[in-house]
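Report on the following structure.
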Amino acid sequence: MPTLGLINIGALATGILSAPRLEAEAILVADGRISAIGPGARADARGADVVVDCRGTTVLPGLIDSHCHVVLGDYTPRQKTVDFLDSYVHGGITSVVSAGEGVHAPGRPHDPVASKALAIAAAKCFEHFHPNGMKVNAGSVVLEPGLTDEDFAEMARHGVRHAKYGFGGYAQPREGEPEVRRAQKHGLCVMSHSGGNSIPGSSPISHEVLLHLRPDVCGHVNGGTTSLDEAGLAEIVATTDMALQIVQAGNLRSALHILRLAREHGAMARVCVASDTPTGTGVMPLGVLKTICEMASLGGLAPEEAVALATGNNARAFRLTTGTIAVGQPADLVVCDAPAASLARDGLDAIARGDIPGISCVIIDGHIRVGRSRNTPLAKRLATFTGITVGDAPH
Ligand SMILES: [Zn+2]
């Protein structure tokens, strides 16, 4: 595989919340992984087979959408749209985590056998299917009454690593606790729906239910789309260690409240960002980027911290092996700058002002997948490429 060098980096967000910014003008990529960063990478990056000249702009880790409604293929039955994952790559998203294929599968089977089969099929299909390079972490079983220990063991053997709670055939939402425990026992990361019911057929899940179920992640804790009450949120933040997922398709007021609570309780490492799309809210290629901008411009976070919520924090909560810019990590990278008409200096400054940055390059596993994004506004300064021809996306 050709080596790849990124040079003339102006600003770099690491995706690591405890050290979110790094001064480094170059990154070297070999065999799809970051092999050197900073002064040690400079000479080799300039001499790499393929060179991305960032021209003083900003490099971020590839964004992770930890709540994405994939089913099978690059198609969303909910919005009847094809190629949405390809389009999300143009929004800087390089990995998604399925929020349960069964949730939007037409016909929605409610028996445990079908639920298990769908999760295994999705895990195995997306293992080999990467629209525009997108890493789709699929195989998220929708928990149903009657899933046994043997079922979870079988699913774990066949690549199912996530579970979704809140759409199964339970008479009362509290009743799923045994299946949540079984899933966790077999190593699955369990995300629960939180808040009011979203689509017809889902149940409201209050903070009392979340405290009873104890999932690994409170999915769309700012509501999907209806928010939880403030006192309940305070209890979840203060008394548990569950991950707190803030989504674009939720309630913005509640998201900002959760951010304040997390800050007060030193719980920022548990906060992660996702889009919760495609849903009734739509297909949103810029969904994660937009939430990052909102958390920084309205929530008082430094832009590089807001980026970390959507990258390194997601990776930790959902047990993914990407999301940070560090030696040895997969080279999933986004090059961006302030949009052409913005008052901001660079990509991070744009995020701080609430302006969506303009993306000029997206790299997944060391491959350049996108040059100028077809979805973001035009960047002030565009990355240039040598050693490869990168077409501009048609607008
Ligand atoms: Zn959802």
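The values are calculated or read from the model by the stated rules, or taken from the named source; none is laboratory data. Only a predicted model underlies this, so the values are computations on that prediction, with no experimental measurement involved. Because the Cβ atoms are built from the backbone with ideal geometry, glycine has one as well, and the counts that use them run over all protein chains shown. Ligands, DNA and RNA are stripped out before the accessible areas are found, and what is left, the full protein with its side chains, is counted by its heavy atoms. Shrake-Rupley method; radii C 1.70, N 1.55, O 1.52, S 1.80 Å.
Structure data summary
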read-out	value
Qualifying residue in the stretch 214-227 (condition: away from the ligand (no atom under 15 Å from the Cβ), free of Cβ contacts under 8 Å to residues at least 60 places away in the same chain and either crowded, with 24+ Cβ neighbours inside 10 Å or not aliphatic (A, V, I, L, M) (or both))	yes
Residue identified as surrounded by 16 or more Cβ atoms within 10 Å (Cβ to Cβ) and within 15 Å of the ligand (Cβ to nearest atom) among 130, 193	193
Qualifying residues in the stretch 6-55 (those that are touching a helix residue (DSSP H, G or I) at 6+ places or on another chain (Cβ under 6 Å) and farther than 19 Å from residue 337 by Cβ) - the one surrounded by the most Cβ atoms within 10 Å (Cβ to Cβ)	28
Members of the stretch 181-225 found to be part of a strand (DSSP E or B) and either of a type in the set (Ser, Thr, Tyr) or on the phi > 0 side of the Ramachandran plot (or both), listed by number	192, 195
The listed residue being open to solvent by less than 10 Å² (accessible area, probe 1.4 Å), in contact (Cβ under 8 Å) with a residue 24 or more places away in the chain and more than 16 Å from the ligand (Cβ to nearest atom), out of 252, 244, 289, 256	289
Every residue from the stretch 234-260 that is more than 17 Å from residue 197 (Cα to Cα) and either touching a Ser or Thr at 6+ places or on another chain (Cβ under 8 Å) or among the polar types (S, T, N, Q) (or both)	239, 240, 253, 255
The stretch 13-54, residues that are of a type in the set (Asp, Glu) and either within 21 Å of residue 351 (Cβ to Cβ) or at pLDDT below 95 (or both)	23, 25
Complete set of residues in the stretch 94-127 that are under 13 Å from residue 162 (Cβ atoms), away from the ligand (no atom under 16 Å from the Cβ) and outside any helix (DSSP H, G or I)	95
Of all residues in the stretch 267-286 being farther than 17 Å from residue 15 by Cβ and under 15 Å from the mean Cα position of the chain (by Cα), the one that is surrounded by the most Cβ atoms within 10 Å (Cβ to Cβ)	275
